[in-house]
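J.: Take a look at the following structure, please.
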Amino acid sequence: MSAGDRHALHTVTAMSRLLCILVVAFTTHLVVPALAQSTVTLKVNATNPGRQIPSTLFGLFFEEINHAGDGGLWAELVQNRGFEAGGLNVPSIIEPWYKIGTAAQITIGTECSSPHARNPVALKIEVLCDNNDASLQCPKGGVGVANPGFWGMNILSGSKYRVEYWLKTTSSFNLSVAFTSANGTVLAQEHVSLNAGEWRKYSVVLMATSTDHNARLSLTSGTRSVFWVDQVSGMPTDTFKGHGFRKELATMISDLKPGFLRFPGGCYVEGARLVNAFRWRDSVGPYENRPGHYGDVWYYWSDDGFGYFEGLQLAEDLGAAPIWVFNNGISHEQSVSTDVIGPWVQDVLEGIEFARGPVSSKYGAMRASMGHPDPFPLHHVAIGNEDCYKPYYKENYMEFYKAIKLLYPDIQVISNCDGSGAALDHPADLYDYHIYTNANNLFSMRHQFDKTSRSGPKAFVSEYAVTGSDSGKGSLLASLAEGAFLIGLELNSDVVHMASYAPLFVNDNDRRWNPDAIVFNSWQQYGTPSYWVQQFFKKSNGAYLISSTMEADSASALANLATSAVRTYNASTGMEYMIVKAVNFGSSALNLSIAVSGISANNVVAADSHITVMTSGAVMDENSFTNPKKVVPQVSQAENAAPNMQILLPAHSITALELGLLPTKSSTATLEVTQVTSKDSKAPFLV
């Protein structure tokens, strides 16, 4: 489609060439008051379905930042489960583990005596007291070690938790495995009788009889003994689709109906130095064999329980296309020269084989051993992150590109170099575009891709957000600018094929970045307005962009508006929907007069027509644990729903008008999204 054709979809008149995006604002009455504010007319031509929006346009970017995975989406309760976080030089610190008992009752220390070669550190525990000896009595509950997890473990009455650990001992003794409160109150407990023996893995399921959001896991004994423990894990048995993801957090991102999942970073993939970069092969297989690593960009240790396999699995569980961002031999401070990049290229090819290879292949067999014999539909990879102008990037890029295309010609390769303003000097299927800026600038950037060439690689806006003083920890103002920007991407979706907000998660106890889409602690979570604004776009993937034109009685009325209209079909209900979205970025309310051609009034199903609005009393309003829904979308019935309507747009608001339509045979056939089965996966993906 030419630039002229695209502009025909959305023309702005009346003294302004501004491309504006309309958000229909919430009101309890749809009829405009007699004393009206400025009026904007939106003419929507629904005679033709228009251009189809890519089914991958709106998706997710997951990065291990802010303890998003470790202590967050990954439901592992134990922090530093293998005692490797303190380093391999022993004795070492074991934080956050701590000792229960006095120096006269127990001694502990790390040793390199683990049975796991890649995780050699284990904890030696010598119990000096003994309840079988009146002179050496242990305190009530015994002595041992405890782990508070990630700022407290969320233990719920009636829930079950699987605890696994490796242990060896020189003599028989009794061990208590328990979840307790800080004051020692037992929430769940199991007593285990152990005989002398070498390293062995133990597993027990604990049922909690009480609730504590700040619990800890303890391993204690009242028997004089010497034993070693390693690789201690605690997981709720009830996780998202049974795959280890914290259910309430995974449900929140699933509710966005993402078209793709970009993972695992971000700067996390690069590392400040290459020794701390994310390496895919170190993050697959049994957790006992994953060495973990220190994330030196965001300054914390990761056990890599959420690894490469888990990213692929999460994408599948979300029904999203996986996008693997791999390390390309470049960190923040180091770059591998092109003459020795070969092993890095081979490492990536083997990573792709892990995702896509048959079970007869070396790495396909490794994937199958983890419980997934069918290949994952990996069709997108990104060569590095934000590396375009770093030494050797473009030279090394070509080595990766040629090798990947030779073996996997269907894979879409993503470059780190921005192609929105000028053509790239190297081949690519897509290019990364990242933008973090203030609210006014992002609102104006809804035009960013208006003049981008309609040929060549497509844009992947893989990171965007309003930051700084306009955002706070997640403000209404930030979300409105982001909503307008997304409308601009929707209108330019012939050249923009993917977009994702960043960062996705933040553990409130470890904010490395503000703002974020979802805030959580051990037991609570809420979406910021930036999360909720994405809800307005979840029905756009695969929908059809409808031509629309705005007219106003003043240029100022148009200056703070952004609008779009799409048409979609719901196969499960057999209904069509026309959705008009609008952002009023200004401080004054506006009247909106909607005139739709190509839809009969008899075709509108009033009972299935709604208005959704998000606004608040002040532009800097935020959500919080105490008031998690202060700024959220409000849904109401669309009164007098019809092709021609007048509604009021409050100041600083985003709104969606959704008209339910009785489908016609021709429109239904056009609007249905085709499903195609990938050659290397039984799972269908959208095209």
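The values are calculated or read from the model by the stated rules, or taken from the named source; none is laboratory data. Note that this is a predicted model, so its numbers are computed, not measured. Counting neighbours? That spans all protein chains shown, and the Cβs are built from the backbone with ideal geometry, glycine included.
J.: Filtering the range 141-162 down to residues that are polar (S, T, N, Q) and surrounded by fewer than 19 Cβ atoms within 10 Å (Cβ to Cβ), which residue is nearest to the chain's Cα centre (by Cα)? Steps first, answer last, please.
T.: If we filter the range 141-162 for residues that are polar (S, T, N, Q), which is where we start, we get 147, 154, 157, 159.
Keeping just the survivors that are surrounded by fewer than 19 Cβ atoms within 10 Å (Cβ to Cβ) gives 157, 159.
Details: Ser157: 29, Ser159: 26 Å.
The residue in question is Ser159.
J.: Just name the residue that is nearest to Ile611 (Cα to Cα) out of those in the range 567-591 that are part of a loop (DSSP other than H, G, I, E, B) and hydrophobic (A, V, I, L, M, F, W, C).
T.: Here is the first cut: in the range 567-591, the ones part of a loop (DSSP other than H, G, I, E, B) are 571-574, 585-589.
Retained after the next criterion (residues that are hydrophobic (A, V, I, L, M, F, W, C)): 571, 585, 589.
Numbers: Ala571: 21, Phe585: 18, Ala589: 17 Å.
Checked the range 567-591; the qualifying residue nearest to Ile611 (Cα to Cα) is Ala589.
J.: Now for a separate question. Among the residues that make up the range 651-666, is at least one of them under 35 Å from the mean Cα position of the chain (by Cα), modelled with pLDDT of 95 or more and surrounded by fewer than 19 Cβ atoms within 10 Å (Cβ to Cβ)?
T.: yes
J.: Another one. When you go through Asp387, Asp374, Asp339 one by one, which is the residue that is among the charged types (D, E, K, R) and buried (at least 24 other Cβ atoms within 10 Å of the Cβ)?
T.: Asp387 is the lone residue from the list that is among the charged types (D, E, K, R) and buried (at least 24 other Cβ atoms within 10 Å of the Cβ).
J.: A further question on this structure: Within the range 65-105, restricting attention to residues that are of a type in the set (S, T, N, Q) and surrounded by fewer than 17 Cβ atoms within 10 Å (Cβ to Cβ), which residue is farthest from Leu312 (Cα to Cα)?
T.: The extreme case among them is Thr102.
J.: Is it the case that Asn509 is within 27 Å of Ala651 (Cα to Cα) and either surrounded by fewer than 24 Cβ atoms within 10 Å (Cβ to Cβ) or of a type in the set (Lys, Arg) (or both)? I'd like the intermediate steps shown before the answer.
T.: Values: within 27 Å of Ala651 (Cα to Cα): no; either surrounded by fewer than 24 Cβ atoms within 10 Å (Cβ to Cβ) or of a type in the set (Lys, Arg) (or both): yes.
No.
J.: Take the residues of the range 283-313 that are free of Cβ contacts under 8 Å to residues at least 40 places away in the same chain and among the acidic types (Asp, Glu): which is nearest to Lys241 (Cα to Cα)?
T.: In this case the residue turns out to be Asp304.
J.: Hey, another quick one. Going through the range 437-453 one residue at a time, which ones are crowded, with 16+ Cβ neighbours inside 10 Å and touching a helix residue (DSSP H, G or I) at 6+ places or on another chain (Cβ under 8 Å)?
T.: Result: Thr437, Asn438, Ala439, Leu442, Phe443, Met445, Arg446, His447, Gln448, Phe449.
J.: Please determine, by comparing only the residues of the range 186-204 that are touching an Asp or Glu at 6+ places or on another chain (Cβ under 9 Å) and surrounded by 12 or more Cβ atoms within 10 Å (Cβ to Cβ), which one is farthest from Ala117 (Cα to Cα).
T.: Leu187
J.: Answer with yes or no whether Ser361 is within 22 Å of Ala502 (Cβ to Cβ), hydroxyl-bearing (Ser, Thr, Tyr) and touching a helix residue (DSSP H, G or I) at 6+ places or on another chain (Cβ under 6 Å).
T.: no
J.: Given (1) within 36 Å of the chain's Cα centre (by Cα); (2) surrounded by 15 or more Cβ atoms within 10 Å (Cβ to Cβ), where does Cys138 come up short, assuming only one miss?
T.: (1) is the only condition that Cys138 fails.
J.: For Phe520, state whether it is in contact with an Asp or Glu (Cβ under 8 Å, 6 or more places away or on another chain), of a type in the set (Phe, Trp, Tyr) and over 22 Å from His610 (Cα atoms). Step through it out loud before you land on a result.
T.: Numbers: in contact with an Asp or Glu (Cβ under 8 Å, 6 or more places away or on another chain): yes; of a type in the set (Phe, Trp, Tyr): yes; over 22 Å from His610 (Cα atoms): yes.
Taking the combined requirement at face value, the residue satisfies it.
J.: Kindly indicate whether His426 is surrounded by fewer than 21 Cβ atoms within 10 Å (Cβ to Cβ), touching a strand residue (DSSP E or B) at 6+ places or on another chain (Cβ under 7 Å) and part of a strand (DSSP E or B).
T.: Values: surrounded by fewer than 21 Cβ atoms within 10 Å (Cβ to Cβ): yes; touching a strand residue (DSSP E or B) at 6+ places or on another chain (Cβ under 7 Å): yes; part of a strand (DSSP E or B): no.
Answer is no for this residue.
J.: Within the range 462-477, take every residue that is in contact with a helix residue (DSSP H, G or I) (Cβ under 6 Å, 6 or more places away or on another chain) and on the phi < 0 side of the Ramachandran plot and give me the one that is surrounded by the fewest Cβ atoms within 10 Å (Cβ to Cβ). Walk me through how you get there before you give the answer.
T.: Here is the first cut: in the range 462-477, the ones in contact with a helix residue (DSSP H, G or I) (Cβ under 6 Å, 6 or more places away or on another chain) are 466, 470-471, 474, 476-477.
Retained after the next criterion (residues that are on the phi < 0 side of the Ramachandran plot): 466, 470-471, 476-477.
Numbers: Val466: 28, Asp470: 19, Ser471: 26, Leu476: 29, Leu477: 25.
Going through the qualifying residues, I end up with Asp470.
J.: Let me confirm something: among Ala595, Ala589, Ala582, which residue is aliphatic (A, V, I, L, M), touching a Lys or Arg at 6+ places or on another chain (Cβ under 7 Å) and closer than 20 Å to Leu42 by Cα?
T.: On inspection, the qualifying residue turns out to be Ala595.
J.: From the list Met498, Met445, pick out the single residue that is of a type outside the set (S, T, N, Q), under 22 Å from Thr655 (Cβ atoms) and either modelled with pLDDT under 95 or not assigned by TED's automatic domain parsing to the domain that holds Met578 (or both).
T.: None of the other options fit; the residue is Met445.
J.: In the range 535-547, is there at least one residue being surrounded by fewer than 21 Cβ atoms within 10 Å (Cβ to Cβ), among the charged types (D, E, K, R), touching a residue at least 60 places away in the same chain (Cβ under 8 Å) and out of contact with any Pro (no Cβ under 6 Å at 6 or more places or on another chain)?
T.: So in the range 535-547, the residues surrounded by fewer than 21 Cβ atoms within 10 Å (Cβ to Cβ) come out as 535, 538-539, 547.
Next, from what is left, pick out any that are among the charged types (D, E, K, R): 538-539.
Next, only the ones that are touching a residue at least 60 places away in the same chain (Cβ under 8 Å) stay: 538-539.
Now narrow it down to the ones that are out of contact with any Pro (no Cβ under 6 Å at 6 or more places or on another chain): 538-539.
Yes, the range 535-547 has at least one match.
J.: Return the pair list, or none, for Cβ contacts closer than 8 Å from residues in the range 314-341 that are touching a residue at least 12 places away in the same chain (Cβ under 8 Å) to residues that are of a type in the set (Asp, Glu) and surrounded by fewer than 24 Cβ atoms within 10 Å (Cβ to Cβ), at least 6 apart or on different chains.
T.: Partner pairs satisfying both residue conditions: Pro322/Glu316; Thr338/Glu395; Thr338/Glu399; Ile341/Glu399.
J.: Considering (1) loosely packed, with under 14 Cβ neighbours inside 10 Å; (2) within 27 Å of the chain's Cα centre (by Cα), say which one Thr573 fails and leave the rest.
T.: If we test Thr573 against (1) loosely packed, with under 14 Cβ neighbours inside 10 Å; (2) within 27 Å of the chain's Cα centre (by Cα), just (2) comes out false.
J.: Further question: Give the residue, chosen from His447, His497, that is more than 22 Å from the chain's Cα centre (by Cα) and in contact (Cβ under 8 Å) with a residue 40 or more places away in the chain.
T.: Step by step, each of His447, His497 is checked, and only His447 is more than 22 Å from the chain's Cα centre (by Cα) and in contact (Cβ under 8 Å) with a residue 40 or more places away in the chain.
J.: Only one residue in Val676, Val635 is assigned to a strand (DSSP E or B), surrounded by fewer than 17 Cβ atoms within 10 Å (Cβ to Cβ), modelled with pLDDT under 95 and not hydroxyl-bearing (Ser, Thr, Tyr), so which one is that?
T.: Working: Val635 fails: modelled with pLDDT under 95.
Just a single option satisfies the conditions, and that option is Val676.
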